[in-house]
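The next block holds one structure in the form of structure tokens; read it before the comments.
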Number of protein chains: 2
Amino acid sequence: MSDTISLVHGAGGIETLKIILELTKDVKLRKVIGGTGLDELDDSALIPISENKFLAITVDSYTVNPIFFPGGDIGKLAATGTINDIAVMGATPLAVLDSIVVEEGFDKDLLLKIMNSFKKVLEKENVALIGGDFKVMPKGSLDKIIISTVGVGIVDKKNLLLDSNVKPDDQIIISGSIGEHGAIILALQLGLDVSNLKSDCETVTDIMKTVLKIGGVHAAKDPTRGGLAMALNEFAKKSNVTIIVDEDKIPIKEEVRSYCEMLGVDPLALACEGRVVLAVKKSKAHEILKELHDMGYEDACIIGEVKKLEPGIVLMKSKVGGLRILEPPLGEIIPRIC
Amino acid sequence: MSDTISLVHGAGGIETLKIILELTKDVKLRKVIGGTGLDELDDSALIPISENKFLAITVDSYTVNPIFFPGGDIGKLAATGTINDIAVMGATPLAVLDSIVVEEGFDKDLLLKIMNSFKKVLEKENVALIGGDFKVMPKGSLDKIIISTVGVGIVDKKNLLLDSNVKPDDQIIISGSIGEHGAIILALQLGLDVSNLKSDCETVTDIMKTVLKIGGVHAAKDPTRGGLAMALNEFAKKSNVTIIVDEDKIPIKEEVRSYCEMLGVDPLALACEGRVVLAVKKSKAHEILKELHDMGYEDACIIGEVKKLEPGIVLMKSKVGGLRILEPPLGEIIPRIC
């Protein structure tokens, strides 16, 4: 009997990376000349459009379940996640396209409500909706709705942020408390009381604009599927550096922490949908942090630093002082988190 | 009780257009300045990238059922359909991204096979695969697989083909016999004998390259969902012209015709996935046709012409001489055709 695809392949951890590598290993044209693509697997691919400008382009299919949750819905998430994937490249989001597949019998008012959430994000971000697709699958062949969103942005070479550009001595900053999106979706799927949880689903464009203006940013990433643990491991691996984070400093809301303890999941592997993790020049770290606090991101903090020790490794300094390797998550137990 | 979404909303006819217009009616930013988008609803949106070049970008979600069929599979279809949407703009396809959602338990060898079909098309077309997404939905929440494909191309202003550019006196050329993809999928869904049917799923890039070189092409369209009837109506409406087609001249294979008669469906509303309908300058029509025949497209023919009568109307000259309006299809009865 041949292998089958399991939920872990879609969870955004190591197993997702493995299946993507297997599906694409023999692709010869992996980027547009002068750009980036399958080898970099960054938040967006890059296509050069002039001597000093790239087009950044990304696509994601949003399958979140439930489709409405405290802090957002699948429409808000689909617009936000895609715009964030453009923004963390250092790019200015310009346009999106959306391809919606719904189940026959889906309530039209609900669809309009979801679409309104989607459009509200675009309007706030001054991003154009320029095209898309609309399909319907017969009753029973799709659970509700999938929204695939394409994001397009423009980035100056001087602003370009690649996962492979983290430097020794950089400071690692997280823009806010982690795991809230993952925690609320997990709790809802398990039918738990969620009165004190809320998704962090928000665009990070204002953060990116501000930190790019200050300068000294080497890399940025939104820690979605696979959470902070996956994002830091990608930084470390692609940049050939060691990242040492201080467990004590990682901001996690008490509600999230207690849910995670109860359910036995690691908050570091839980998706955020409105946070960004930055690798910044040491000399700029405090200025960036102060500015984030002034903007109202009061939980933003420096959680670690970059060293040139064993390349590709993330180390976690525990509360009692010991060092352990923070592995990339294999895959979460939570399907349809985004 | 509020309305619900039905299969007809996804069939690519008038009802699909209506729901898309309703979902997007209050979008303020409908294009990137200087480009095209929601108001044009062409096969691709356009983003200006230099004084005389546009980026063409499109997205489609492929949900075809069954996922394997004579002449192709969902992987070949997803790559072909997207590349064709770029090519009919007059653009050169450059790169694609794919976002795959599969059902938990999906056979891995099947997935690799589908992906191989997808990659084979890209390789043949010299198109790069530069990114994507991979998600898994729990067993029972998705019937097999959906592939959303993003296509990116570059087009010189002088080659740009818009649906709104059909001119009076243009000749209408179809590159081959119609309805084969729609007929095979319909027959398979109904469990009929399909030994004499095959999908026409193929890229139209060679056709587009050749006809652009000859010159005189005003508009091009691949008649997918909604078939030739929808494509011609879109030309007529967007260009404010009357198109008169000659029923007798439309190439339809005998097998397709007899299936359609048996099932009571109109072959003109059936999807093609490897044909292109062209509006060309009268003085160039015969040269273009001859070249298509020389390339091996022996069924290519002139099926009609463009007049400046009632704008937005397609008229059909019947075999016995009468004229009737060829309405755009409301929506086919065939779900998951592409």
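The values are calculated or read from the model by the stated rules, or taken from the named source; none is laboratory data. Quick caveat, the model's predicted, so the values are computed rather than measured. In this analysis, Cβ positions are derived from the backbone assuming ideal geometry, glycine residues included, and neighbour counts consider all displayed protein chains. Note: areas computed on protein heavy atoms with side chains; ligands, DNA, RNA excluded. Shrake-Rupley method; radii C 1.70, N 1.55, O 1.52, S 1.80 Å.
How many residues does segment A:188-211 hold that are of a type in the set (Ser, Thr, Tyr) and open to solvent by 70 Å² or more (accessible area, probe 1.4 Å)? Selection size over segment A:188-211: 1. Would you check if there is a residue in segment B:108-116 being more than 7 Å from every other protein chain (Cβ to nearest Cβ), open to solvent by less than 20 Å² (accessible area, probe 1.4 Å) and under 29 Å from A:Phe118 (Cα atoms)? Among the residues of segment B:108-116, not one is more than 7 Å from every other protein chain (Cβ to nearest Cβ), open to solvent by less than 20 Å² (accessible area, probe 1.4 Å) and under 29 Å from A:Phe118 (Cα atoms), which makes the answer no. Total residues in segment A:194-208 satisfying the condition of being assigned to a loop (DSSP other than H, G, I, E, B) and at pLDDT 95 or above: the figure is 7.
The C-beta contact set for segment B:189-209 (first residue within 30 Å of B:Glu291 (Cα to Cα), second residue of a type in the set (S, T, N, Q) and open to solvent by less than 10 Å² (accessible area, probe 1.4 Å), distance under 7 angstrom, 6+ apart or interchain) comprises B:Cys201/B:Thr80; B:Glu202/B:Thr80; B:Thr203/B:Thr80; B:Thr203/B:Asn84; B:Val204/B:Asn84; B:Val204/B:Ser175; B:Ile207/B:Ser175. Every listed requirement among (1) modelled with pLDDT under 95; (2) over 24 Å from B:Glu273 (Cβ atoms) is met by B:Leu17 save one, (2). Kindly provide the set of residues from segment B:154-171 that are touching a helix residue (DSSP H, G or I) at 6+ places or on another chain (Cβ under 7 Å) and either open to solvent by 10 Å² or more (accessible area, probe 1.4 Å) or of a type in the set (A, V, I, L, M, F, W, C) (or both), ordered by number. Answer for segment B:154-171, where residues must be touching a helix residue (DSSP H, G or I) at 6+ places or on another chain (Cβ under 7 Å) and either open to solvent by 10 Å² or more (accessible area, probe 1.4 Å) or of a type in the set (A, V, I, L, M, F, W, C) (or both): B:Asn159, B:Ser164, B:Asn165, B:Val166, B:Asp169, B:Gln171. Residues of segment B:284-314 that are of a type in the set (Gly, Ala, Ser) and free of Cβ contacts under 8 Å to residues at least 40 places away in the same chain: B:Gly296 alone. Return the total of residues in segment A:234-256 being part of a helix (DSSP H, G or I) and open to solvent by 10 Å² or more (accessible area, probe 1.4 Å). Of the residues in that region, 9 qualify.
The residue that is farthest from the other protein chains (Cβ to nearest Cβ), among those in segment B:36-62 that are assigned to a loop (DSSP other than H, G, I, E, B) and closer than 18 Å to B:Leu97 by Cβ, is B:Asp43. Determine, yes or no, whether A:Val280 is in contact with a Pro (Cβ under 8 Å, 6 or more places away or on another chain), assigned by TED's automatic domain parsing to the domain that holds A:Lys167 and modelled with pLDDT of 95 or more. No; evaluated as a whole, the condition is false for this residue. Any residue at all in segment A:93-107 that's within 30 Å of B:Leu110 (Cβ to Cβ), outside any helix (DSSP H, G or I), out of contact with any Gly (no Cβ under 8 Å at 6 or more places or on another chain) and among the hydroxyl-bearing types (Ser, Thr, Tyr)? There is no residue in segment A:93-107 that is within 30 Å of B:Leu110 (Cβ to Cβ), outside any helix (DSSP H, G or I), out of contact with any Gly (no Cβ under 8 Å at 6 or more places or on another chain) and among the hydroxyl-bearing types (Ser, Thr, Tyr).
Answer yes or no: is there a residue in segment A:88-102 that is over 22 Å from B:Ile33 (Cβ atoms), at pLDDT 95 or above and open to solvent by 10 Å² or more (accessible area, probe 1.4 Å). Within segment A:88-102 (the criterion being over 22 Å from B:Ile33 (Cβ atoms), at pLDDT 95 or above and open to solvent by 10 Å² or more (accessible area, probe 1.4 Å)), the answer is no, since none of the residues qualifies.
One line per residue, one yes/no per condition, for (1) among the charged types (D, E, K, R); (2) over 20 Å from A:Val150 (Cα atoms):
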{"residue": "B:Glu15", "(1), (2)": "yes, yes"}
{"residue": "B:Thr24", "(1), (2)": "no, no"}
{"residue": "B:Val27", "(1), (2)": "no, no"}
{"residue": "B:Ile33", "(1), (2)": "no, no"}
{"residue": "B:Asp39", "(1), (2)": "yes, no"}
{"residue": "B:Ser44", "(1), (2)": "no, no"}
{"residue": "B:Ala56", "(1), (2)": "no, no"}
{"residue": "B:Pro66", "(1), (2)": "no, yes"}
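Scanning segment B:2-21 for residues that are more than 7 Å from chain A (Cβ to nearest Cβ) and under 29 Å from A:Lys124 (Cα atoms) yields B:Leu17, B:Lys18, B:Leu21. Condition check for B:Ala279 on (1) open to solvent by less than 10 Å² (accessible area, probe 1.4 Å); (2) among the small types (Gly, Ala, Ser); (3) free of Cβ contacts under 8 Å to residues at least 12 places away in the same chain: one failure, at (3). If the Cβ limit is 9 Å and pairs must be 6+ apart or interchain, which residue in segment A:22-35 that is at the interface with chain B (Cβ under 7 Å from one of its Cβ atoms) pairs with which residue that is β-branched (Val, Ile, Thr) and in a loop (DSSP other than H, G, I, E, B)? As it stands, the answer is A:Leu29/B:Val127, since those pairs meet every condition given. The criterion of being open to solvent by less than 70 Å² (accessible area, probe 1.4 Å), assigned by TED's automatic domain parsing to the domain that holds A:Ser177 and in a helix (DSSP H, G or I) holds for A:Tyr259.
Residue-by-condition table, conditions (1) within 14 Å of B:Lys167 (Cα to Cα); (2) outside any helix (DSSP H, G or I):
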site: B:Lys213; (1), (2): no, no
site: B:Leu232; (1), (2): yes, no
site: B:Ser283; (1), (2): yes, no
site: B:Tyr297; (1), (2): no, yes
site: B:Val320; (1), (2): no, yes
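Screening B:Gly151 with (1) under 28 Å from B:Lys53 (Cα atoms); (2) open to solvent by 10 Å² or more (accessible area, probe 1.4 Å) gives one miss only, at (2).
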